[in-house]
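What follows is a set of notes on a single structure, which appears directly below.
The values are calculated or read from the model by the stated rules, or taken from the named source; none is laboratory data. The model shown is predicted, which means the values in this text are computed figures rather than measured ones. Here the Cβ is made from the backbone with ideal geometry for all residues, glycine too, and neighbour counts use every protein chain on show. All accessible areas refer to the heavy atoms of the entire protein, side chains included, with ligands and DNA or RNA removed. Shrake-Rupley method; radii C 1.70, N 1.55, O 1.52, S 1.80 Å.
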Amino acid sequence: MNVTTLKDLLVICLGLGAVLAGVVIFLRITIARLKQKNYFLNRDRERYAETLYALQEGCFAFIYPDERIKDPRRNVREKCSRRLAVMLNLKQGTSASFDDVLSAFEENDALQIKAYVQKLRTDGLDFEYRAKLKENQQILAVWGLKINGADGNLYADTIWFKDLSPEMLEINHLRAEKDDFVRQLTLYQNMFEQMNTPVWLRNEKSEIILANAYYKALCHGGAQNPFEINPQTDLFLKNMAQKAQESGKTQKENLHIVVAGRVYLFEALETPLHPSKSTSESGTVGMLTDVSELDEVKRRFQIHQDAHLNVLSALGTAFALFNPEKKLVFYNEAFMKMWQLKKEFLDNTPSYQDFLEAVRDNRLLPEVSDFKSYKNAEEKLFQNLIEPQELLMHLPDGRTVRRLVAVHPNGLMFAYEDVSDRLAATRMLNEFIGVQQNILEHMDKPIVVFGADRHLRFYNPAYCRFWNVSPEQLQEMPFVSEVLDMQKGFFQSAEDWNVLKLQMMRQMFDVCARFLAERDDGQVVEAQPFALPDQSTMIIYQLQK
């Protein structure tokens with residue numbers, strides 16, 4: 001072989017080597033690109049799978065082999081999602097079969113789901129169903145879908161499961177709220193319709209848009225204005241409603257309305273109403289209250305009160321009436337004379353403080369160290385007095401005045417009465433009684449006094465010695481029968497003590513005549529009853545000689 005031939009052969013070999021090297025490089029680049037594409041395809045598949053698993057719904061899929069290529073996996077594969085395994089508490093996890101899924105449901109529901117899935121797989125019929133789990137009685141929504149590719153290839157039959165418990169709870173809560181709202185609305189409607197007084201609702205234009213049956217009964221309007229009572233009344237009430245909306249305050253007025261030929265006095269109210277948060281949208285609520293009887297009562301009460309005050313004017317006791325604003329609104333002549341006040345001053349409706357100042361200037365008010373505190377305490381009567389209050393006022397001129405303060409419908413009524421003579425007489429009487437008691441206590445004869453109620457009122461030491469009783473036994477002022485029972489020890493030989501006791505009581509109070517009683521010691525006791533002017537009975541005891 002010549003040199004030329006060897007050279008040509010070498011060139012050919014080098015060329016083939018270069019071609020092979022290029023082919024290898026091309027194949028490596030192609031393989032790298034395919035690996036990269038396969039990586040992204042696997043990553044996207046994993047992302048789609050994780051996205052599917054992250055859904056709140058559980059999924060079970062029947063995955064079919066690809067019919068367009070020779071797929072070695074010719075059998076239908078079952079796939080359970082992680083979410084479904086957790087939802088149904090499947091021990092097999094994602095390896096669970098469809099039978100495992102069905103076993104988690106109530107028997108009837110499991111049979112129904114199985115039938116629906118069979119029709120989905122054979123006939124392609126989608127379905128929706130609600131089923132209950134055996135373990136915790138939760139309600140699940142179950143629905144099935146057949147999934148096909150864009151090329152018509154059948155991918156899978158999927159059955160989805162969703163826990164309806166939160167939704168059901170929310171639905172039940174909303175349903176309960178709705179029922180409660182409807183019930184309250186019905187109550188309000190019934191109350192509104194059955195109110196025994198006319199009530200209505202106006203819009204922002206002061207037009208009546210709603211009224212109850214009582215108001216409608218007053219109306220005489222036609223089709224254009226079914227809520228019209230009469231033109232004058234409607235205009236009056238509409239003006240009130242406009243004032244209420246402009247001022248934001250309830251308007252109240254009295255008006256007369258003819259009902260069934262009779263004139264009634266009503267008190268009308270129009271109250272501002274803002275049905276929404278927007279202040280531009282407003283209206284009013286109106287109401288009529290029949291005050292005819294109340295007006296008549298007020299009129300009669302005023303007549304009665306005037307007559308009562310006229311009677312007080314003629315009495316000798318001093319009377320004065322101060323209203324809730326502490327102004328003098330009534331006084332009689334005795335009041336003017338007692339406090340030495342001028343008629344012009346009293347007719348000018350002075351305040352209670354002015355009255356106290358004027359009485360103090362006349363040196364007729366009891367001496368106090370702090371006149372300002374005294375006035376403040378007196379004025380508190382207008383806020384605090386509930387029950388009548390009585391006190392004695394000792395005036396600088398030597399008089400003692402009894403003051404009675406009582407609540408009156410128009411304020412406080414003050415009554416003043418000079419009780420100086422009465423107190424002096426009472427004092428003298430008490431002194432006289434004291435002298436009498438002192439005399440009786442020092443008498444040697446046993447004496448006892450029973451009141452009109454037949455309770456012991458007085459006894460002297462001689463009585464205690466005579467009947468051998470202690471003052472402690474008598475200090476509770478017992479009844480006459482109990483006092484006589486203390487004498488029973490002296491009459492043990494009596495056939496019947498109760499009969500003897502009744503005879504003694506009859507002689508004391510009914511006959512009020514002297515009687516004798518022989519004691520066990522042989523001594524005869526003489527008892528002499530005396531009826532006293534105050535219906536008391538005094539008995540004097542002594543031994544017969």
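Of the peptides 523-536, 458-471, the ranking by mean beta-carbon count within 10 Å, highest at the top, reads 458-471, 523-536. Packing, taken as the mean count of other beta carbons within 10 Å per residue, orders the peptides 408-420, 499-511, 358-370, 319-331 from highest to lowest as 319-331, 408-420, 499-511, 358-370. When the trypsin sites (Lys or Arg not before Pro) in the stretch 56-156 are filtered for DSSP coil states and for at most 11 other beta-carbon atoms within 10 Å of their beta-carbon, the remaining sites are Arg68, Lys70, Arg73, Arg74, Lys91. Judged by the gyration tensor of its Cα atoms, with axes a ≥ b ≥ c, the stretch 185-250 is oblate; a/c meets the 1.5 cut and b/c is at least as large as a/b. If R0 is taken as 41 Å, the Cβ-Cβ distance between Val291 and Asp534 corresponds to a FRET efficiency of 0.15. Label-to-label distance for Ala213 and Asn254 is 3.1 nm, based on points extended 7 Å past Cα in the beta-carbon direction. Across the stretch 59-158, Cα pairs under 8 Å and at least six residues apart give a relative contact order of 26 percent. When you count the other C-beta atoms within 10 angstrom of each residue and take the mean per peptide, 96-102, 23-29 line up highest first as 96-102, 23-29. Computed in the context of the full set of protein chains, the accessible area of the stretch 433-545 at 1.4 Å probe radius has 49% of its extent on carbon or sulfur.
The orientation-averaged projected area of the convex hull spanned by the Cα atoms of the stretch 321-372 comes to 3.8 nm². Classify the stretch 70-208 as rounded, prolate or oblate from the Cα gyration tensor: take a ≥ b ≥ c as the square roots of its eigenvalues, call it rounded if a/c is under 1.5, otherwise prolate when a/b beats b/c and oblate if not. It comes out prolate by the Cα gyration axes.
Rounded, prolate or oblate for the stretch 368-413? Axes are the square roots of the Cα gyration tensor eigenvalues, ordered a ≥ b ≥ c, and the cut-off for rounded is a/c under 1.5. Note, shape of the stretch 368-413 comes out oblate. Each residue, Leu169 and Gln189, gets one label point 7 Å from its Cα in the Cβ direction; the gap between the two is 3.3 nm.
Evaluate the distance, in nm, between pseudo-label points positioned 7 Å from the Cα of Leu16 and of Phe479 along their respective Cα→Cβ axes. Once both label points are built, they end up 15.3 nm from each other. Figure legend: label point modelled 7 angstrom from the Cα of Gln523 along Cα→Cβ; residues of the stretch 485-503 with amide N under 19 Å from it are 485-494. As a fraction of the 1.4 Å probe accessible area of the stretch 147-210, surface on carbon and sulfur atoms comes out at 60 percent. The relative contact order of the stretch 165-275, computed from alpha carbon pairs under 8 Å that lie at least 6 residues apart in sequence, is 14 percent. A full extension of the chain between Gln137 and Val329 corresponds to an added length of 61.1 nm, given 0.36 nm per residue minus the alpha carbon distance.
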